[in-house]
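J.: Below you'll find the structure I mean.
The values are calculated or read from the model by the stated rules, or taken from the named source; none is laboratory data. Note that the coordinates shown come from a computational prediction; the quantities given were computed from them, not determined experimentally. As a convention, Cβ positions derive from the backbone with ideal geometry for all residues, glycine included, and neighbour counts pool all protein chains shown. Accessible surface areas use protein heavy atoms only, side chains included; no ligands, DNA or RNA. Shrake-Rupley method; radii C 1.70, N 1.55, O 1.52, S 1.80 Å.
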Amino acid sequence: KAGVTQTPRYLIKTRGQQVTLSCSPISGHRSVSWYQQTPGQGLQFLFEYFSETQRNKGNFPGRFSGRQFSNSRSEMNVSTLELGDSALYLCASSYGLAGGSYNEQFFGPGTRLTVL
Amino acid sequence: AQSVTQPDIHITVSEGASLELRCNYSYGATPYLFWYVQSPGQGLQLLLKYFSGDTLVQGIKGFEAEFKRSQSSFNLRKPSVHWSDAAEYFCAVDSSASKIIFGSGTRLSIRP
């Protein structure tokens with residue numbers, strides 16, 4: 001069974017631009033969560049989608065948004081990029097809502113976003 | 001609010017030596033606890049998890065962790081480290097809102 005895939009793996013953008021990242025979960029998984037990882041802030045939860053609905057959201061500005069499609073693939077969008085958005089963006093999938101006894105999260109390799 | 005503290009930013013141990021990585025959590029109820037490992041340029045891989053029951057949990061790659069409620073700790077241990085264990089290790093707690101809260105991580109270096 002294929003793991004979680006994220007595209008692209010690396011991305012360079014300039015301030016003010018927008019970016020869309022993609023995540024394909026493990027087949028059969030219905031939940032996709034997004035995390036931002038930076039050296040200063042560590043791993044921070046962005047949001048979780050389950051059955052095309054946002055179920056949980058972290059403390060990020062409205063510039064960060066996402067969506068999930070009927071095939072459970074998810075996209076994350078960041079508008080009006082700032083230098084501080086440079087980070088590794090990780091996607092994780094699970095069968096049900098993340099966490100709990102039976103819904104282990106499996107992580108993708110991440111997308112490295114650099115904002116110049 | 002739930003939180004996870006990993007007090008050691010960087011640890012260096014000799015190959016073959018024992019390892020213990022510390023993790024303390026703050027959570028009102030019995031938490032779900034996790035340890036993940038991240039190799040450079042890679043995503044996170046789950047090493048082990050604690051939900052309930054036996055407080056000593058066995059994981060992959062020879063790792064184990066012990067849940068101590070009285071100390072709010074969930075320390076990760078390995079009796080003998082290998083050079084391939086060099087990586088960053090994250091402790092995490094599953095909050096009541098189904099959000100995984102991660103600690104700041106401990107970078108492990110292995111001395112030959």
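J.: Tell me yes or no: at least one residue of the stretch B:93-102 is over 23 Å from residue A:3 (Cα atoms) and acidic (Asp, Glu).
T.: No: the stretch B:93-102 contains no residue that is over 23 Å from residue A:3 (Cα atoms) and acidic (Asp, Glu).
J.: Taking the stretch B:76-112, which residues are of a type in the set (S, T, N, Q) and either under 14 Å from residue B:11 (Cα atoms) or in contact (Cβ under 8 Å) with a residue 60 or more places away in the chain (or both)?
T.: B:80, B:95, B:96, B:104, B:106, B:109
J.: Something else now. Quick one: which residue in A:17, A:37, A:54 is more than 26 Å from residue A:70 (Cβ to Cβ) and within 13 Å of chain B (Cβ to nearest Cβ)?
T.: One residue alone meets the criteria, A:37.
J.: Please verify whether residue A:6 is under 16 Å from residue A:67 (Cα atoms), in contact with a Pro (Cβ under 8 Å, 6 or more places away or on another chain) and not hydrophobic (A, V, I, L, M, F, W, C), treating the condition exactly as stated.
T.: yes
J.: Could you check the stretch B:1-47 and list, in sequence order, the residues that are closer than 17 Å to residue B:101 by Cα, open to solvent by less than 30 Å² (accessible area, probe 1.4 Å), out of contact with any helix residue (DSSP H, G or I) (no Cβ under 7 Å at 6 or more places or on another chain) and among the hydrophobic types (A, V, I, L, M, F, W, C)?
T.: B:4, B:23, B:33, B:34, B:35, B:37, B:44, B:46
J.: Of the residues in the stretch B:66-96, how many are within 14 Å of chain A (Cβ to nearest Cβ) and crowded, with 16+ Cβ neighbours inside 10 Å?
T.: Of the residues in that region, 9 qualify.
J.: Here is a follow-up. On the given criteria, is residue B:71 free of Cβ contacts under 8 Å to residues at least 12 places away in the same chain and farther than 18 Å from residue B:9 by Cβ?
T.: Here the answer is no, as residue B:71 does not meet what is asked.
J.: Quick one: which strands (runs of 3 or more DSSP E) sit completely within the stretch A:15-116 and have at least 3 residues that are touching a Ser or Thr at 6+ places or on another chain (Cβ under 6 Å) and crowded, with 18+ Cβ neighbours inside 10 Å?
T.: Counting at least 3 such residues, we get A:19-24, A:42-50, A:87-94.
J.: For the stretch B:51-65, enumerate the residues that are surrounded by fewer than 20 Cβ atoms within 10 Å (Cβ to Cβ) and under 11 Å from the mean Cα position of the chain (by Cα).
T.: Of everything in the stretch B:51-65, those that are surrounded by fewer than 20 Cβ atoms within 10 Å (Cβ to Cβ) and under 11 Å from the mean Cα position of the chain (by Cα) turn out to be B:59, B:64.
J.: List every residue pair whose Cβ atoms lie under 6 Å apart, where the two residues are 6 or more positions apart in sequence or sit on different chains, the first residue falls within the stretch B:6-34 and is within 25 Å of residue B:69 (Cα to Cα), and the second residue, located anywhere, is surrounded by fewer than 17 Cβ atoms within 10 Å (Cβ to Cβ) and of a type in the set (Val, Ile, Thr).
T.: Close Cβ pairs (under 6 Å, with a partner that is surrounded by fewer than 17 Cβ atoms within 10 Å (Cβ to Cβ) and of a type in the set (Val, Ile, Thr)) amount to B:24/B:5.
J.: Could you tell me whether the stretch B:37-50 includes any residue that is away from chain A (no Cβ under 14 Å) and among the polar types (S, T, N, Q)?
T.: no
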